[in-house]
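> Before I ask anything, here is the structure I am working with.
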Amino acid sequence: PSLTVGKTGPASLYAGETIAYVLSISNAGPSIAGQAVITDTLPVQIENSTWAATANGNSVVTSGQSGTGNIIRVVADIVPGNDNVVTITISGTVNDYYQGSRQPLRRVTASRMDSLFTTGGRVLRAM
């Protein structure tokens, strides 16, 4: 598998603001990314966080379809191809003391991956 992670959302955060952003995970192949684990850790200043994961095409979210809290963990079987994307929509509220730019971490692993690579400036490591 060759996973790609995209992230869209606000470039900066402001105290009291409600934010939302989206992670999109796709697989360029050649094989299925079986039981790929997608995680994202939000800054502690983001409160009341929720997420929902959906799979398009033939991909399947097998665990973590939705949840709350600052640690997002979703497991999915991601089939190769542009139409088989897993999408995770994340939202929360910035607490009254936060200043700075959005810097959540993300790490995507798949059981069949065996190498370290980067995408979008982030490091993805096989586990």
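> Can you send over the carbon and sulfur percentage of the accessible area for segment 1-56, probe radius 1.4 Å, protein chains only? The partial results should precede the final answer.
Numbers: 1400 of 2460 Å².
So the carbon and sulfur contribution to the accessible surface is 57 percent.
> While we're looking at this one, here's another question. Per 0.36 nm of contour for each residue apart, how much would the distance between Q65 and T93 grow if the chain were fully extended, relative to their Cα-Cα spacing?
In short, 8.0 nm is gained.
> Follow-up question, since we're still on this one. Counting only heavy atoms of the protein chains, get the accessible area per residue of segment 1-98 (1.4 Å probe) and round it to a whole Å² value. Mind dumping the intermediate values first?
On the way: 4510 Å² over 98 residues.
For segment 1-98, the per-residue accessible area is 46 Å².
> Could you work out how much longer the chain between A28 and T54 gets when fully extended? Use 0.36 nm per residue separation minus the Cα distance between them, nm to one decimal.
7.5 nm
> First measure r as the distance between the Cβ atoms of E47 and R73, then evaluate 1/(1 + (r/R0)^6) with R0 = 25 Å and state the FRET efficiency to the nearest 0.05. Write down the numbers at each step before the final one.
Working: r = 19 Å, r/R0 = 0.74.
Efficiency computed from Cβ-Cβ geometry: 0.85.
The values are calculated or read from the model by the stated rules, or taken from the named source; none is laboratory data. Keep in mind the model is a prediction, meaning the values are calculated, not measured. Don't worry about glycine lacking a Cβ; one is built from the backbone with ideal geometry, like all the others, and counts go over all protein chains shown. These area figures cover heavy atoms from the full protein model, side chains too; ligands, DNA and RNA do not enter into them. Shrake-Rupley method; radii C 1.70, N 1.55, O 1.52, S 1.80 Å.
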